[in-house]
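To keep things clear, I will list the structure first and then write my remarks on it.
The values are calculated or read from the model by the stated rules, or taken from the named source; none is laboratory data. Here the structure is a predicted model, which is why all the values come from computation and not from measurement. Ideal geometry is used to build each Cβ from the backbone, glycine not excepted, and the neighbour counts take in all protein chains shown.
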């Protein structure tokens, strides 16, 4: 039975992990940053050395291909990262897909349909997330491109131009659904379930709905020593109460599996002797139910304005991204399960609590995901790790899933 080359895949992952490496042992490759562009150049060089046909589309997505004709079977993920994140999140899916098509080409395996490996732009969300996959799926309209910016206010359009991409051409990245046979993504679980069960492969059934909301409380900058407490318009008070009440909202009004996270809090002017004039925070809300998420988002907006009024402030609420839940293809789930069992690997059928490019591609083609265990469930952290034999298992399941799908 055909197998991937683990030593080669391991070296690729280890070499990629050196790009954007942090002092803590993690990686920081924010989308379209200098580190991300270095990683892209490195990846393109690897594809060139492998003799694979490859190209970059109008959204900055990087593709490699083996075989001719169509429709194409896609596999991949992303190589951008969260700040000081782990070395496997996204990178595993890209490099394993690359290793699969490299193996297929080297071994002279002919498939009826072509297979492509893809590295999507900005999955992690510097500019709101799912830029590349949204462009391929045709769900990223020009007005959305114009609206997106990062936490420092840099517009997506400007960041694209800075690296030689034309934001006006993003619609050209759309793939006709008729040209896509399927999309499969190998990913670390990013949670503790597989490890706790002692099982090597997760067959993903669904992906949670998620959102990112930016909330800013506007007050007034005053002298910290001369302004009486009762006369202040302290923006931090609004942000502090909102953070606590948002947690209470998720617990009392969510589904029981809803989660909410305030991950960024920034004060301006940001001096110890000035009453904060503005407090900016981000709220990440997720639930498997689209209806529950929508209800929480509406409540978020009213909660922010209610708290602002209480403290004599003003509030602005911006939804930077809302992604619908996605059901993975039952057909692909069955193929993944069969591929794993043919390799002597047991499976666990499960949902994903994290968002992935697969949920965007599911809008236009059959999509599926394969999970491998994460040590202690750690992810988005330098502590993120998956054992190499488990990576080999996942890559081989991906290989045989792709081969089966490419039969037509």
Can you tell me how many residues in region 147-167 are more than 16 Å from residue 30 (Cβ to Cβ) and at pLDDT below 95? 1
Is it the case that region 262-275 has a residue that's in a loop (DSSP other than H, G, I, E, B), within 18 Å of residue 353 (Cα to Cα) and not assigned by TED's automatic domain parsing to the domain that holds residue 124? no
Working carefully through the options 246, 168, 159, find the one that is closer than 23 Å to residue 315 by Cα and outside any strand (DSSP E or B). 246
Among the residues of region 10-56, what is the count of those that are surrounded by 14 or more Cβ atoms within 10 Å (Cβ to Cβ), in contact (Cβ under 8 Å) with a residue 40 or more places away in the chain and either outside the structural domain of residue 87 (by TED's automatic domain parsing) or over 20 Å from residue 123 (Cβ atoms) (or both)? 4
Counted residues in region 83-134 being closer than 25 Å to residue 380 by Cα and assigned to a helix (DSSP H, G or I) come to 13
Residue ranges of helices (runs of 4 or more DSSP H) in region 310-408 with at least 3 members under 23 Å from residue 214 (Cα atoms) and touching a residue at least 60 places away in the same chain (Cβ under 8 Å): 357-361
Give the residues of region 23-59 that are touching a strand residue (DSSP E or B) at 6+ places or on another chain (Cβ under 9 Å) and either part of a loop (DSSP other than H, G, I, E, B) or at positive phi (or both), sorted by residue number. 26, 28, 29, 31, 50, 52, 57, 59
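Each row is one residue, and each column tells you yes or no for (1) surrounded by fewer than 19 Cβ atoms within 10 Å (Cβ to Cβ); (2) farther than 28 Å from residue 153 by Cα; (3) assigned by TED's automatic domain parsing to the domain that holds residue 291.
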position	(1), (2), (3)
189	no, yes, no
198	yes, yes, no
204	no, yes, no
215	no, no, yes
227	yes, yes, yes
230	yes, yes, yes
235	no, no, yes
248	yes, yes, yes
254	no, yes, yes
For residue 319, indicate whether it is in the same structural domain as residue 227 (by TED's automatic domain parsing), modelled with pLDDT under 95 and either crowded, with 22+ Cβ neighbours inside 10 Å or in contact with a helix residue (DSSP H, G or I) (Cβ under 9 Å, 6 or more places away or on another chain) (or both). yes
Residue that is under 25 Å from residue 344 (Cα atoms), in contact with a strand residue (DSSP E or B) (Cβ under 8 Å, 6 or more places away or on another chain) and either buried (at least 16 other Cβ atoms within 10 Å of the Cβ) or without any contact (Cβ under 8 Å) to a residue 60 or more places away in the chain (or both), where the choices are 117, 97: 97
